[in-house]
Amino acid sequence: MAPSCANKQPWRFVAVQEPALLDQVRGTLTDGNYWAKKAPLLVAAWTHLDYDARLPEGRDFALFDLGQAVMALQIQAHHEGLVTHPMAGFDPVKAAQLLGLPQGAILAVLISVSFSGPSDHLNDKHKEGEVAPRSRKPLDEVVSFR
Ligand SMILES: Cc1cc2nc3c(=O)[nH]c(=O)nc-3n(C[C@H](O)[C@H](O)[C@H](O)COP(=O)(O)O)c2cc1C
């Protein structure tokens with residue numbers, strides 16, 4: 001139910017569960033995303049610039065609206081007790097090929113979807129990250145009032 005420009009709904013999701021394909025898609029992840037290989041589900045989130053409004057001054061809304069839908073997916077998954085993590089770190093050409101995406105498709109992220117569990121398989125940096133407080137830029141760096 002994410003909003004989108006002129007209700008174009010440019011988001012497309014492929015939920016990869018089938019074991020052989022899941023293994024192949026896992027194989028496209030970067031080394032740094034080793035931890036995501038344990039997730040029982042990877043969701044590929046993709047779009048195409050022509051699926052959404054393309055307004056002057058570079059205002060192509062496909063990725064913007066895809067991002068809104070991905071955020072909605074993550075909030076809903078969290079609500080259902082699942083853990084999600086979007087990843088840009090994978091080989092997009094190989095993954096798009098495996099998933100049979102059409103010409104011009106932009107495969108923005110793979111989203112790992114899993115249950116919360118032990119963190120024994122994580123390296124020290126990721127173990128620390130699991131419990132570290134989340135950090136964001138201070139509001140005055142990203143918001144101004146005129
Ligand atoms: C578009 C996008 C791509 C991301 N890619 C990766 C990734 O490949 N690997 C990873 O570990 N985290 C990835 N992340 C997670 C961010 O690194 C993370 O959200 C950020 O560091 C803030 O951490 P937090 O969300 O745990 O507070 C990505 C997040 C987004 C939104």
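The values are calculated or read from the model by the stated rules, or taken from the named source; none is laboratory data. Fair warning: this is a prediction, and the values are worked out from it, not measured in the lab. FYI the Cβ positions are ideal-geometry reconstructions off the backbone, even for glycines, and counts take in every protein chain you see.
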**Prompt:** Which condition number in (1) part of a strand (DSSP E or B); (2) closer than 18 Å to Ala2 by Cα is the one that Leu73 fails?
**Reply:** (1)
**Request:** Search the range 121-138 for residues that are at pLDDT below 95 and pair each with any residue that is part of a loop (DSSP other than H, G, I, E, B) when their beta-carbon atoms are under 8 Å apart and the residues are at least 6 apart or on different chains.
**Result:** His126/Ser119; Lys127/Ser119; Glu130/Ser119; Glu130/Leu122
**Fill in**
Within the range 85-114, residues farther than 19 Å from Gly32 by Cα and free of Cβ contacts under 8 Å to residues at least 40 places away in the same chain come out as Gln97, Gly100, Gln103
**Message:** Can you pull out every residue in the range 89-146 that is over 24 Å from Val25 (Cα atoms) and part of a loop (DSSP other than H, G, I, E, B)?
**Reply:** Ala132, Pro133, Arg134, Ser135, Arg136, Lys137, Pro138, Val143, Ser144, Phe145, Arg146
**Request:** Working carefully through the options Ser135, Ser144, Ser112, Ser116, find the one that is surrounded by fewer than 10 Cβ atoms within 10 Å (Cβ to Cβ), in contact with a strand residue (DSSP E or B) (Cβ under 8 Å, 6 or more places away or on another chain) and small (Gly, Ala, Ser).
**Result:** Ser116
**Request:** Name the residue, out of Leu41, Leu82, Leu63, that is touching a residue at least 12 places away in the same chain (Cβ under 8 Å), out of contact with any Phe, Trp or Tyr (no Cβ under 6 Å at 6 or more places or on another chain) and within 13 Å of the ligand (Cβ to nearest atom).
**Result:** Leu63
**Request:** Just give me the residues in the range 1-53 being part of a loop (DSSP other than H, G, I, E, B) and surrounded by 19 or more Cβ atoms within 10 Å (Cβ to Cβ), in sequence order.
**Result:** Ser4, Pro10, Trp11, Thr28, Ala39, Asp52
**Item:** All positions within the range 18-36 that are more than 16 Å from the ligand (Cβ to nearest atom) and either of a type in the set (A, V, I, L, M, F, W, C) or touching a Leu at 6+ places or on another chain (Cβ under 6 Å) (or both)
**Value:** Ala20, Leu21, Leu22, Gln24
**Message:** Within the range 87-94, does at least one residue satisfy the condition of being farther than 26 Å from Lys8 by Cα, at pLDDT below 95 and near the ligand (Cβ under 9 Å from one of its atoms)?
**Reply:** no
**Request:** Keeping to the range 114-146, report how many residues are under 23 Å from Leu82 (Cβ atoms) and among the hydrophobic types (A, V, I, L, M, F, W, C).
**Result:** 4
